[in-house]
Structures are given as C-alpha cells and as structure tokens.
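Asks: One structure, pasted below without further comment.
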Amino acid sequence: MITSTHRSFAVEEKAAPGDGIGDGSKVFDASQVAAKRVVAFDMARLAETTGSAISAVLFGALAASGALPLPRAAFEATIRAAGVGVEPSLRAFAAGFDKAAADAASAAAPARAKSAAELKVLPELAATGHPAFDALVDRARTKFPATLHGIVAAGLRRVVDYQDVDYGRHYLDLVAQFLTFERHGDPALTRAAAKHVAVAMAYDDLIRVADLKTRASRFARVRQEVTAKPGQIVYVTEFMHPRMEEVAGTLPARLGRWIEDRPRLFKALDRVVNRGRRVQTGTVRWFVPLYLIGGLKRFRLGTLRHHREVAHRDAWLDLATTVAARDYALAVEIVETRRLVKGYSDTHARGTSKFDKVIGAATRLEGRADAAEWVRRLRQAALADEEGKALDGALATVESFL
C-alpha cells in the first residue's frame with residue numbers, strides 16, 4: 001500500500017452534530033494488517049511545495065517502492081510523454097521518489113488528528129486600521145479579562161463580517177452581561193457566551209450562503225487548491241437545494257408571514273424553488289443573482305428569519321442570565337447547549353428541535369444539585385446521533401425521576 005498520511009475530512013466528519021473527527025490511526029493500523037508493506041508519508045505537502053498534483057508524488061513513491069520491475073527513467077519518460085505540466089510533475093515525482101527511497105520509516109503512523117478545538121487558532125484583540133471596528137476592539141480589551149480576549153476577538157470578527165459594526169457592538173453588549181456573574185477563577189460562563197452568542201448571531205441564511213460563495217477570496221482559495229495557473233479558467237459547481245422556508249425567511253417579516261399564512265400559495269411557490277440545482281458560480285448567469293442576494297445583508301435585520309432568530313436567541317439568553325444568579329454551573333450548560341443549533345434548512349430545524357428539548361428539560365431540572373450534570377448528559381446524547389434517538393432515551397430517563 002502506497003498512500004498519503006494527510007487528512008481530508010469526510011462529509012460525515014464535517015456534518016456530525018458535534019466533533020466528528022475520526023481517528024486516522026485506526027486506518028493506518030488496518031493497513032498494516034492488510035498490506036505486506038506500507039509506504040506512507042504526507043504527499044499533499046510535497047505536492048504543494050513542488051507546485052504539482054499529489055498523483056505525481058504518488059507516482060514517485062510507486063517508482064521508489066520497487067513494486068514494479070521498471071527503472072526510474074521509464075516513469076519519468078511517461079511523464080514527459082504526457083506533455084502536460086511536465087516540469088512541476090517531474091519535481092513532484094522526484095520529491096516522492098526521494099522521500100520513499102530515503103525514509104526507512106516511511107510507514108510511520110500518521111500524527112493524531114487534532115480535535116475541532118485544537119484546529120482553531122483564535123485571533124487576538126488587535127487594531128485593524130478601521131476606526132469604527134478598532135473602537136470596538138478597545139472597548140472589548142478594556143471590558144473583558146485577558147483570558148477571554150482570544151474568544152471575544154473571534155466572535156467580534158465573525159459578527160462584524162456577517163453584518164456590520166453596529167451588530168458587533170450589540171454582540172459585545174450581549175456577552176458583557178455575563179461578566180456580572182463571574183466571581184473568581186475561570187470565567188467559564190462568559191467564555192461560553194462569547195462563543196455561542198457569536199454563532200447564534202451569525203446564523204446561516206440564503207444571504208450568508210450567497211455572500212460566501214461569491215467572494216473573491218473564495219475563488220482565489222479554490223484556484224490555489226487546484227493549483228491553477230494564471231491563464232487557466234476554473235469553474236466551481238455548487239449543489240444548491242433551497243426550500244420555500246428559506247426563501248420566505250429572506251423576505252421582509254410581514255411579507256414572509258403573509259405567504260406562510262396562505263398554505264396553497266406557499267406550496268405552489270415551493271414547487272418552483274424546492275429542487276436541486278447545480279450552480280456554476282463563475283458564470284454570469286449564476287454569479288450575478290447570487291452576488292445580488294449576498295448584497296441584501298443591509299436588509300437582513302428586517303427579514304422574517306432574523307425576527308425569529310432574535311426571539312429564539314433572546315429567550316435562551318434570558319433563561320441563562322436568570323439561572324446564573326442561582327446556579328452558575330447550570331447556566332454554563334444552558335449556554336453550551338446552543339452548540340446543537342447549526343447549519344440551515346433541515347439541519348438547522350433538527351438542531352433547533354434538539355435544543356428546545358434540552359432547554360425544556362433544563363428548566364424542569366433547575367433546583368436539583370445535579371441539574372448541570374444532567375443537562376450536560378442530555379447535550380451529549382443530542383450530539384450522539386442525527387436522528388435524536390439517544391436524546392429521546394436520555395429524556396425518558398430524566399422524566400422518570402422528575
């Protein structure tokens with residue numbers, strides 16, 4: 001077996017309700033059993049440094065392995081005969097060949113995959129040169145203890161990028177209210193609020209999706225990932241499946257409710273929009289409408305979706321602040337429960353349903369000495385599976401002693 005040890009996260013890992021990162025060492029252990037010999041190293045890194053594709057590095061490792069009775073020159077001749085990207089491919093081939101030939105420990109186990117938390121490098125509260133944003137930075141630096149500067153900086157940048165500076169100011173107000181409950185030691189409650197309030201405020205909607213898919217930085221990143229040359233044209237094909245629920249949520253609140261209150265009209269419109277589409281965002285036909293939708297963020301605060309998100313968010317924060325005065329640990333768990341809500345469309349609906357169930361149980365558990373522990377268990381159960389079967393079982397246990 002000749003393989004690369006770099007990690008590309010699978011859809012199942014990224015779509016998991018919680019931290020779904022799998023253990024790559026199990027795959028390596030299985031390969032050691034199944035193969036007579038394993039040649040494994042980070043081929044993606046070598047491909048990047050040589051400006052070529054990983055297949056060329058893999059080709060070099062194959063040549064060095066001796067698995068085929070062919071000399072190195074035969075492999076190189078094949079690359080030259082292809083006539084496409086010859087020089088970068090030869091560099092990558094040589095790098096792969098040399099690594100496999102020189103590294104006697106080329107089958108060393110890959111490093112442990114980092115957890116989701118370890119993968120995130122938090123920024124610091126630093127000035128950017130934008131006067132309005134820097135004013136928020138100064139306020140946050142003064143208001144919050146140094147141990148929270150990293151998480152507050154991450155949250156502040158997220159919500160300002162999502163909407164505007166005024167939105168960032170509101171974010172700081174919402175998080176700062178939890179500082180009054182910090183007495184000593186680790187400010188766990190405010191830290192949790194800094195993280196989850198930002199996520200709640202920067203929810204995924206059609207406007208956000210369209211904005212992200214039409215940013216110049218995204219096209220540049222895609223070109224870099226596929227190692228496109230300056231003169232080459234790269235098209236990105238997206239799979240999009242909007243529902244009428246998302247469309248109505250993007251409309252002004254009164255208009256969105258008016259459509260939702262008319263089931264026949266709603267169903268008729270849903271038949272028009274509710275179907276999968278393969279969208280090439282690099283073409284005028286699709287870039288222009290998506291770019292215009294992304295530009296609607298100036299009107300976002302008046303949409304039906306935003307009104308509902310604010311109502312749901314404020315009810316959650318009101319509960320957390322009310323409980324914090326009596327049970328600090330339970331308040332932390334209530335704030336942490338917000339991690340169940342993510343994504344958009346069906347994913348968002350399922351997460352919100354789980355969140356509401358756990359919060360409902362939390363209000364009934366308040367007053368018990370083990371209330372915080374039970375809410376933590378319920379949240380872990382909710383993260384265990386997408387269907388919510390584990391959560392339903394845990395809720396049944398809670399009901400048995402309430």
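The values are calculated or read from the model by the stated rules, or taken from the named source; none is laboratory data. Nothing here was measured: the structure is a model prediction, and the numbers come from that model. Virtual Cβ from ideal backbone geometry, glycine too; neighbours counted across all protein chains shown.
Asks: When you go through 38, 57, 86, 33 one by one, which is the residue that is touching a residue at least 60 places away in the same chain (Cβ under 8 Å) and more than 28 Å from the chain's Cα centre (by Cα)?
Replies: Values: 57 fails: touching a residue at least 60 places away in the same chain (Cβ under 8 Å); 86 fails: touching a residue at least 60 places away in the same chain (Cβ under 8 Å); 33 fails: touching a residue at least 60 places away in the same chain (Cβ under 8 Å).
Of 38, 57, 86, 33, the one residue that is touching a residue at least 60 places away in the same chain (Cβ under 8 Å) and more than 28 Å from the chain's Cα centre (by Cα) is 38.
Asks: For the range 345-383, give me the residue count where each residue is free of Cβ contacts under 8 Å to residues at least 12 places away in the same chain, part of a helix (DSSP H, G or I) and among the hydrophobic types (A, V, I, L, M, F, W, C).
Replies: Number of matching residues: 1.
Asks: So which residues in the range 287-335 are outside any helix (DSSP H, G or I) and either over 26 Å from the mean Cα position of the chain (by Cα) or surrounded by fewer than 20 Cβ atoms within 10 Å (Cβ to Cβ) (or both), if there are any at all? Before you say what the answer is, go through the steps one by one.
Replies: First pass over the range 287-335, keeping only residues outside any helix (DSSP H, G or I): 303, 325-327.
Passing the criteria: 325, 326, 327.
Asks: What helices (runs of 4 or more DSSP H) completely inside the range 113-195 contain at least 2 residues that are outside the structural domain of residue 339 (by TED's automatic domain parsing) and modelled with pLDDT of 95 or more?
Replies: Fully inside the range 113-195 and qualifying: 149-162, 165-176.
Asks: Give the residues of the range 5-53 that are in a loop (DSSP other than H, G, I, E, B) and of a type in the set (D, E, K, R), sorted by residue number.
Replies: Taking the range 5-53 first, the residues in a loop (DSSP other than H, G, I, E, B) are 5-10, 16-23, 35-38, 42, 51-53.
Listed by number, the residues that qualify are 7, 19, 23, 36, 37, 42.
Asks: Take residue 398 and decide whether it is farther than 29 Å from residue 183 by Cα and without any contact (Cβ under 8 Å) to a residue 40 or more places away in the chain.
Replies: Values: farther than 29 Å from residue 183 by Cα: yes; without any contact (Cβ under 8 Å) to a residue 40 or more places away in the chain: yes.
Judged against the criteria, residue 398 is a match.
Asks: Would you be able to say whether some residue in the range 217-229 is in a loop (DSSP other than H, G, I, E, B) and buried (at least 19 other Cβ atoms within 10 Å of the Cβ)?
Replies: no
Asks: Among the numbered criteria (1) assigned by TED's automatic domain parsing to the domain that holds residue 253; (2) hydroxyl-bearing (Ser, Thr, Tyr); (3) more than 25 Å from residue 233 (Cα to Cα), which single criterion is violated by residue 291?
Replies: (3)
Asks: Write out, first by first residue and then by second, each pair whose Cβ atoms fall under 9 Å of each other, whose residues are 6+ apart or on separate chains, and whose first residue, in the range 209-237, is on the phi > 0 side of the Ramachandran plot and in the same structural domain as residue 281 (by TED's automatic domain parsing) while the second is among the charged types (D, E, K, R) and surrounded by 10 or more Cβ atoms within 10 Å (Cβ to Cβ).
Replies: Hits for this filter: 227/48.
Asks: Please tell me if residue 100 is part of a strand (DSSP E or B) and either among the aromatic types (Phe, Trp, Tyr) or in contact (Cβ under 8 Å) with a residue 60 or more places away in the chain (or both). Please lay out each step first, then the result.
Replies: Numbers: part of a strand (DSSP E or B): no; either among the aromatic types (Phe, Trp, Tyr) or in contact (Cβ under 8 Å) with a residue 60 or more places away in the chain (or both): yes.
Here the answer is no, as residue 100 does not meet what is asked.
Asks: Taking the range 252-286 on its own, how many of its residues are of a type in the set (Val, Ile, Thr), in a helix (DSSP H, G or I) and within 27 Å of residue 199 (Cα to Cα)?
Replies: Final tally of qualifying residues: 0.
Asks: Residue 184 passes all but one of (1) closer than 22 Å to residue 320 by Cβ; (2) touching a residue at least 24 places away in the same chain (Cβ under 8 Å); which number fails?
Replies: (2)
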